[in-house]
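Participant: Once you've had a glance at the structure underneath, I'll fire off some questions.
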Amino acid sequence: MKTGDMGVKTTTLEKALEWGRSNSLWPLTMGLACCAIEMMATQAADVDVARFGSEIFRNSPRQSDLMIVAGTTTKRMAPRLKRIYEEMPYPKYVIAMGVCVIQGGPYVDGYSVVLGVDKVVPVDVYVPGCPPSPQALTYGLITLQKKIRNETDR
Amino acid sequence: MYKIISEETDKSGMKVLNIDKSDLIELMEDYKDRKYFLSSITGVDMKDHIDVIYHLHNFDKNDYICVKVSTTDEKVPSITKLWKAAIVDEREQYDLMGITFEGHDNLRRILLPDDWVGHPLRKDYDLNKVQYVSVDRDGNEHVSFDDKEGW
Amino acid sequence: MSHWIELNIGPVHPATHGIYRFRVKLNEETVEDVDITIGYLHRNAEKICELNYFVNNTIYFDRMDYIDAMNMEVGYLRAVETLIDMEVPERAQWIRMIMAELSRIAARMVGIGALGLDVGMLTPFFHTFHEREKIQKIFVEASGGRQEVNYMSIGGVYQDFNDKIIEEIKEFIAGFKGKLEEMVKMFTDSEIFWQRNVGTGVLEPDIALDYGVTGPMLRASGIPYDVRKDSPYLFYDKVNFDVPIARTKDNMGRFLVKVEELRQSVRIIEQCLAKLPEGPYFNPKAKKSAMLLLKGQGDVFTRVESESGEFGVFIRGDGGVKPYRVHARSPSFKNLAVVPIMTKGSLIADLIITIASVDAVAGEVDR
């Protein structure tokens, strides 16, 4: 961004769109298991995610552009998860919350858990933890915002 | 009249009745008359036979008893006529352990998709064979061993 | 003339509290039949428990009723310690009791907050989660985990209470007493809350017993059954508390029973803190090097009172270092199965409140 005379900033339209998009992410409540409760805690008063423009948790995929996959994805749930992802409008982003979603977690030896939700839908940000604390999820959200704005972590 | 093969007390102080499969309904009817209610059904795969363990509870006397039967042909008479709690319990044990409860009206899988191959809590279930679930437009679930078919 | 509709709710739906699928057969707005499909969160915990050592399985029980992790651990360890004849020092048992009751309060905070959300009240949700956050800070201090704590272990607890934790618990209890009344007032002052809850989701006691329903649902149907009172474990026989019941059998009765249990939990914690003795917090027989060599033989079935009802654990040991079979009798599994009976003939809006009032936890239903 450049600051011209009289305090007017000039930028490309793309950059302005990215900035707007990153600060008004509307998450979809994809609460599947334990992590859903921590996702609710992120939304609640103590770790107020509204500070980052994401307080509106939508229940309809048509109205949201960020899917927080919170909790173990089983093989029975994976096709449904994929379908809900397909119903979301572009541009759309996915945060994988918790180790179950990242690679299977404690259920890696079993028969009914998908070992990594990235086999089902493309994932932008991984938030490890079992379950991750609300602070970790907030950090993941900020990381996603930076990713949308094409910023690097310095 | 039913016959109790042996009676013992387990480590938690619970009375355990070992009975034959053919006496099960008669014994359960007797305990139902004595105001016992079904608490849980557990199946245990012992490789050559399957143990089915019923836990009954009397709320007035606060008495817990345990009834054990064993079966070699994976079939046990259903007790859904006596207690409705058995409906979900028997479906769960059918799903995971593969015990057929004879006389159950709606004996289908409860936790896994209907097409799932094998009963996971059996000792001979092969965990290395991965099964994949897919859903068609009508919402019906299909299971296959091919990873391209899944989701 | 009747007009039939088949309505699908779930698996991902804000009103289902977990992932279940309800296929509701409607006659205009009246519910005729509900078909519940479960299993979307079947994580095969029972199978994995057979592959692990006795001591490793607490984490899978944590994640069954994931909002009430401490009570799940108490339930599993009661079974294991009976099986392998492990004594637990007195101080460890009192500590377990305090933690179990704190966990019960934390779980109720989620349940009540979610019930408020379903009625359309957003405010109590923030208040209940604020209180839950305080309990989770105590858990972090003691165990390092916020929600899935893995605090208890065979033979005792992971870490002793220090003065700071005790101080924090006292501070929380002192603040919670007033806060609870304030929160309850938010619900009971609302006319809408009364109208939605009174007379809906009626569960007759004989049906409840027939379906194996336990916990607050059974007590709200008028049967004063509580495992803590009727077959005491830990030191529940050494503290004074009452078992509340409701005669109304409806959703409001269940809500009031849950609230009264919160007051009783506070009472129990206060008595525990006063009686907390000095001494070891861990049985030296179960020290780290010996932990993996603990062997068990025979069958045990023990039960504890979790937030949603009677949580029973069956373990068969074959004399080895791993359990041969683990089975959990989960209360939510039974409680959810009675929803079609409770909502038959009621309005579709009452179905939503009834599901919230049953307070089933998906992790425990599917295991």
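Participant: Give me A:TYR111, B:TYR54, C:TYR281, A:TYR139 ranked fewest to most by other Cβ atoms within 10 Å of their Cβ, as a rough exposure proxy.
Facilitator: Starting with the residue having the fewest Cβ neighbours, the order is A:TYR139, C:TYR281, A:TYR111, B:TYR54.
Participant: Only loop residues by DSSP count here, and only those with at most 11 other Cβ atoms within 10 Å; note down the GluC sites (Glu not before Pro) in region C:138-180 that meet that. Mind dumping the intermediate values first?
Facilitator: Working: sites: C:GLU141, C:GLU148, C:GLU167, C:GLU168, C:GLU171; in loops: C:GLU148.
Here no GluC sites (Glu not before Pro) fit, given the DSSP loop and packing criteria.
Participant: Just the ratio, please: alpha-carbon radius of gyration of region A:25-148 over 2.2 N^0.38 Å, N its number of residues.
Facilitator: 0.96
Participant: Any idea how far apart B:ILE25 and A:GLN63 come out in nm if each label point goes 7 Å out from Cα toward Cβ?
Facilitator: 5.5 nm
Participant: I've got another one for you. Kindly write out, for region C:56-66 in residue order, the coupling ³J(HN,Hα) from the Karplus curve 6.51 cos²θ - 1.76 cosθ + 1.60 (θ = phi - 60°), rounded to whole Hz, with x marking Gly and Pro.
Facilitator: 7, 7, 4, 5, 6, 6, 3, 8, 6, 8, 6
Participant: Evaluate Rg over Rh across chain C, taking Cα atoms for both radii and Kirkwood's formula for Rh.
Facilitator: Rounded to two decimals, Rg over Rh is 0.98.
Participant: Would you tell me the mean number of C-beta atoms belonging to other protein chains that fall within 10 Å of each C-beta in C:322-328, as a whole number? Display every interim value, and only then the final one.
Facilitator: Working: counts 0, 0, 4, 10, 2, 12, 2.
That works out to 4 on average.
Participant: Turning to a different aspect of this structure: Just how far, in whole angstrom, is region C:198-214 from region B:66-118 if you go by their alpha carbon centroids?
Facilitator: 24 Å
Participant: Taking the Cα atoms of the protein assembly as shown, what is the range of coordinates along each of the three principal axes, in descending order and whole Å?
Facilitator: 100, 60, 59
Participant: Let me ask you something else. Taking θ = phi - 60°, what integer Hz values does the Karplus form 6.51 cos²θ - 1.76 cosθ + 1.60 yield along region C:187-199, in sequence order, with x for Gly and Pro?
Facilitator: 6, 6, 7, 8, 5, 4, 4, 5, 5, 6, 9, 6, x
Participant: Right, here's the next one. For region B:77-87, in order, what is each residue's ³J(HN,Hα) by Karplus, 6.51 cos²θ - 1.76 cosθ + 1.60 with θ = phi - 60°, in whole Hz (x at glycine and Pro)?
Facilitator: Result, ordered by residue: x, 7, 10, 5, 5, 8, 10, 5, 4, 6, 4 Hz.
Participant: Taking the Cβ of C:ASN162 as the center, what net charge do the other residues with Cβ under 11 Å away carry, scoring Lys and Arg +1 and Asp and Glu -1?
Facilitator: -4
Participant: Using a/c under 1.5 as the rounded threshold, could you call region C:90-144 rounded, prolate or oblate? The axes a ≥ b ≥ c are square roots of the C-alpha gyration tensor eigenvalues, and prolate needs a/b larger than b/c, oblate otherwise.
Facilitator: In terms of gyration-tensor shape, prolate.
Participant: Name the residue from B:ILE50, B:CYS66, B:TRP83 whose Cα lies farthest towards the positive end of the charge dipole of region B:4-108, charges +1 on Cβ of Lys and Arg and -1 on Cβ of Asp and Glu.
Facilitator: B:TRP83
Participant: To the nearest 10 degrees, how steeply does helix C:348-358 sit against the main Cα axis of chain C, on a 0 to 90 scale?
Facilitator: 10 degrees
Participant: Continuing with this model, one more query. Could you tell me which trypsin sites (Lys or Arg not before Pro) in region A:1-63 are loop residues by DSSP with no more than 11 other beta carbons within 10 angstrom of their beta carbon?
Facilitator: Sites meeting the loop and neighbour criteria: none at all.
Participant: Going down the table (B:LYS32/C:LYS344; B:LYS21/B:LYS61; B:LYS3/B:LYS81; B:LYS21/B:LYS75), which pairs top 18 Å between alpha carbons?
Facilitator: Correct reply: B:LYS32/C:LYS344; B:LYS21/B:LYS61; B:LYS3/B:LYS81.
Participant: Still on this model: When the Cα centres of region A:42-110 and region C:31-90 are compared, how far apart do they sit, in Å?
Facilitator: Answer, in whole Å: 25.
Participant: Another question about this same structure. Using the alpha-carbon atoms, what tilt in degrees (0 to 90, nearest 10) does helix C:251-275 show relative to the longest principal axis of chain C?
Facilitator: Its long axis makes an angle of about 20 degrees.
Participant: Considering only DSSP beta bridges whose two residues both sit in region B:4-108, what percent are antiparallel, to the nearest 5?
Facilitator: Restricted to region B:4-108, the bridges split so that about 75 percent are antiparallel.
Participant: Need one word for chain B: rounded, prolate or oblate. Basis is the Cα gyration tensor (sqrt eigenvalues a ≥ b ≥ c); a/c below 1.5 gives rounded, then a/b vs b/c decides.
Facilitator: Prolate, because a/c is 1.5 or more and a/b exceeds b/c.
Participant: Can you list which of the trypsin sites (Lys or Arg not before Pro) found in region C:204-285 are DSSP loop residues with at most 13 other C-beta atoms within 10 Å?
Facilitator: Here the trypsin sites (Lys or Arg not before Pro) that fit, given the DSSP loop and packing criteria, are C:ARG247.
Participant: Continuing with the same structure: Return the FRET efficiency for the residue pair C:ASN27, C:ASP242: r is the Cβ-Cβ distance, R0 is 60 Å, and the value is rounded to the nearest 0.05.
Facilitator: It comes out at approximately 0.90.
Throughout, read-outs are computed from the coordinates displayed, never taken from laboratory work. Bear in mind that the values here come from a model prediction, so they are computed numbers and not experimental data. Heads up, the Cβs are rebuilt from the backbone with ideal geometry, glycines too, and the neighbour counts pull from every protein chain shown.
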